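This report refers to the structure that appears directly beneath it.
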Amino acid sequence: MKMACAGVFLALMLVSKVADCAETALQAPGPQGPLKGTLLTPDAVSARQAPAVLIIPGSGPTDRDGNNPLGVKAAPYRLLAEALAQRGLSSVRIDKRGMFASSGAIPDANKVSIDDYANDVRAWVQVIQGETGQPCVWLLGHSEGGLVALAAARNPEGLCGLILVATPGRSLGDILRAQLRANPANAPLLAEAEGAISKLEGGSRVEVSSMHPALQRLFAPAVQDFLISSMRLDPVALIQSYRGPVLLIQGDKDLQVSVEDAQRLGRANASARVVVLADVNHVLKTMDSSARAANLAGYADPGLPLAPGIVDAIVDVVQGAQQGTAESVKAGSVRH
């Protein structure tokens, strides 16, 4: 892996208290400037005693808390980090290169690929190891972040295991087709949209000027290179080749990723544990209603707590791996 300043790891020691947790601002080397994030550690436990989890954000302009300016205010990553700290786990949540506090890492946040994000994850793993003294780091990827985690795990050095939350088990092209077909309002646009997806899958850019405005946004020229590179990834092949512990968490009220995605990934890796949570949506909140409008309203409600069961599943896997495979930590990697 090549990365600017790969040997320079910085920790910005700005420490504050969050409930019973200690919060520290961290930074890692980016291509042209620093990547920034937040380390949250249990107040009653030394960072050198607490297993460390790196939370990798999902698609689009999603910040370290799991919010984005397109209407998502549910703060799932912040709530998850706080809940993990209450259970004795440290976490680092991050802003992606070119976005928010990491805006100085590259001048154009759209000029990225999944492999670029995976390289950033590798940088963060080394920073977290240095800051916490942990021999390895758990990667927790949400949605597109799960694909980033899988891509980063092609080099398993320094990784304890993978926690894949609402992670697609199909190619991006197939996911886009399914999402478009799921909304009846998209029916008039399907032929044009699916034609564009097929071209991008083939590695060709598409002309959007004559498309419906909604499709012009979806296939904006600025993101087409990212879409092309992402469509080449096969999450099933990636998870098949990984030999460390894997936890797959999927809500059955998720409008963007399906239970079948988690099951598909689970079938591809016999050692993976699959946890399906009833009435949980894509931003990890409990939904009492099956109505699409109510589900989407949950994305904008910061008052909704994290759905029960998510933290229990994570803690069970992390603690189980620590107890059962401590002797197999080799070259910084935990393996079955």
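Here are some notes:
- Which listed residue is of a type in the set (K, R) and closer than 14 Å to H282 by Cα, from K111, K73: K73
- The listed residue being within 17 Å of the chain's Cα centre (by Cα) and either free of Cβ contacts under 8 Å to residues at least 40 places away in the same chain or surrounded by 13 or more Cβ atoms within 10 Å (Cβ to Cβ) (or both), out of L277, L304, L296, L265: L265
- Subset of region 161-198 [in contact with a Leu (Cβ under 6 Å, 6 or more places away or on another chain), closer than 25 Å to S271 by Cα and outside any strand (DSSP E or B)]: G169
- Residue check, V112 buried (at least 20 other Cβ atoms within 10 Å of the Cβ), assigned to a loop (DSSP other than H, G, I, E, B) and touching a residue at least 12 places away in the same chain (Cβ under 8 Å): yes
- Answer residue from region 208-234, given it is more than 18 Å from D108 (Cα to Cα) and hydroxyl-bearing (S, T, Y) and is surrounded by the most Cβ atoms within 10 Å (Cβ to Cβ) among those: S210
- For region 51-65, a residue qualifies if it is in contact (Cβ under 8 Å) with a residue 40 or more places away in the chain and closer than 18 Å to L40 by Cβ, and the qualifying residues are P51, A52, V53, L54, I55, I56, P57.
- Count - residues of region 80-96 that are of a type in the set (V, I, T) and farther than 22 Å from E144 by Cα: 0
- Answer from L180, L176, L189, L164 - the residue that is buried (at least 24 other Cβ atoms within 10 Å of the Cβ) and touching a residue at least 12 places away in the same chain (Cβ under 8 Å): L164
- Only one of K111, K96, K73 that is over 18 Å from the mean Cα position of the chain (by Cα) and in the same structural domain as N155 (by TED's automatic domain parsing): K111
- Taking residues in region 77-105 that are assigned to a helix (DSSP H, G or I), and partners anywhere that are surrounded by fewer than 24 Cβ atoms within 10 Å (Cβ to Cβ) and modelled with pLDDT under 95, the pairs with Cβ atoms closer than 6 Å and at least 6 places apart or on different chains are A85/C21; A85/P42.
- Looking only at residues in region 249-262 that are touching an Asp or Glu at 6+ places or on another chain (Cβ under 9 Å) and in a strand (DSSP E or B), the one that is surrounded by the most Cβ atoms within 10 Å (Cβ to Cβ) is G251.
The values are calculated or read from the model by the stated rules, or taken from the named source; none is laboratory data. The structure displayed is predicted, hence computed values, not measured ones. Note: ideal-geometry Cβ built from the backbone for every residue, glycine included; neighbour counts use all protein chains shown.
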